[in-house]
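Read the figures in this text as sums done on the coordinates, not as results from a lab. As the structure is a computational prediction, the values presented were derived from the model and not from experiment. So basically every Cβ, Gly included, is an ideal-geometry build from the backbone, and we count neighbours across all protein chains shown.
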Amino acid sequence: MAERKAVVRDEVGLHARPASLFVKKAKEFDSNIRVRHKDSEANAKSILEILKL
């Protein structure tokens, strides 16, 4: 199994429109994609989980 990690810094956070585009792109892949912010983690294919971060 391959694993990749990336760090993305965004001072203002991920708002609704960019978050929806991010989730749409994540859903194109047959992969487990996780997003972390501080101590919280979310499924990148779930708009609700992403917005909760």
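At a glance:
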item: Cβ-Cβ under 6 Å pairs, at least 6 apart or on other chains, segment 1-14 side under 22 Å from ASN32 (Cβ atoms), far side acidic (Asp, Glu); result: none
item: Residue, surrounded by the fewest Cβ atoms within 10 Å (Cβ to Cβ), within segment 9-25, restricted to residues that are touching a strand residue (DSSP E or B) at 6+ places or on another chain (Cβ under 9 Å) and assigned to a loop (DSSP other than H, G, I, E, B); result: GLY13
item: Residues (part of a helix (DSSP H, G or I) and either within 10 Å of the chain's Cα centre (by Cα) or in contact (Cβ under 8 Å) with a residue 40 or more places away in the chain (or both)) located in segment 26-53; result: ALA26, ILE47, GLU49, ILE50, LEU51
item: Qualifying residue in segment 32-53 (condition: in contact with a Ser or Thr (Cβ under 8 Å, 6 or more places away or on another chain), exposed (fewer than 13 other Cβ atoms within 10 Å of the Cβ) and not aliphatic (A, V, I, L, M)); result: yes
